[in-house]
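The values are calculated or read from the model by the stated rules, or taken from the named source; none is laboratory data. This structure is a prediction, so every number in the text was calculated from the model and none was measured. Using ideal geometry, Cβ is built from the backbone for each residue, glycine included, and neighbour counts are taken over all protein chains shown. These area figures cover heavy atoms from the full protein model, side chains too; ligands, DNA and RNA do not enter into them. Shrake-Rupley method; radii C 1.70, N 1.55, O 1.52, S 1.80 Å.
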Amino acid sequence: MGISGFEPSFLVGFEAVRQAHGSRLAALAGRRLTGFAVVRFAEDGDWFADCPVVLDFDGIQVEVCHWKLDELSVGWDTIDTAADIAGWERSELTPQWSQRDERLEPFVGQELREVALLEWRPAGRDLAAGTAAVEFAFAGDCLWIANGLDENCIEVGGAQPDYVRHRLGR
């Protein structure tokens, strides 16, 4: 993707994500969301949902990126959002880091109360069953980043009933 420092380690399933990142995600509780970055195209401002969502909690940067139908990478302090995104010279679009997003902006400055992993467990047959999303719970609302079928999906509010919520660190 041409993102400086981005070396994803994609995992499949809730348990793999919890084993690899559960304790670090839980340790974010009590920190304030001090900033974020998403990739948008310079030409039209559209969000490029294939790129990681970067959240900064008082100097600890967590990088969430979904890929394919069921893969999730959680990275820590590796992406340089001040660096230009390279390798797009032949494209008609120019991706760039942005600190603008109407879903994320209301959470800046708020203290993170809890982090949970959400596991998609619908009642019926579903190819996405077992996929994981990351939920960040603040005092007034929740923010979660889920798999939007081969890209990130940012949601605000409570998770859909087909998600099983696994609290971390308690």
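Tell me whether region 1-55 comes out rounded, prolate or oblate; compute the Cα gyration tensor, take square roots of the eigenvalues as a ≥ b ≥ c, and use a/c under 1.5 as the rounded threshold. Verdict is oblate for region 1-55. With a Cα-only, solvent-free Debye model of region 54-145, what are the log10 I(q)/I(0) values at q = 0.19, 0.20 Å⁻¹? Listed by q, the Debye log ratios stand at -1.09, -1.14. With N the number of residues in the chain, Rg(Cα) / (2.2 N^0.38 Å) evaluates to 1.00. By accessible area, using a 1.4 Å probe on protein heavy atoms only, region 16-151 has 46% of its surface on carbon and sulfur. With the whole protein complex present, Glu15 retains an accessible surface near 80 Å², based on a 1.4 Å probe. Put +1 on the Cβ of every Lys and Arg and -1 on every Asp and Glu Cβ in the chain; which of Gly87, Ile145, Gly158 then has its Cα farthest towards the positive end of the dipole? Farthest towards the positive pole: Gly158. Rounded, prolate or oblate: which fits region 33-83 when a ≥ b ≥ c are the square roots of the eigenvalues of the alpha-carbon gyration tensor, with rounded for a/c under 1.5 and prolate only if a/b beats b/c? Oblate.
Solvent-accessible surface (1.4 Å probe) assigned to Asp58 amounts to roughly 80 Å². Over the chain, accessible surface divided per residue gives 50 Å², non-protein components excluded, 1.4 Å probe.
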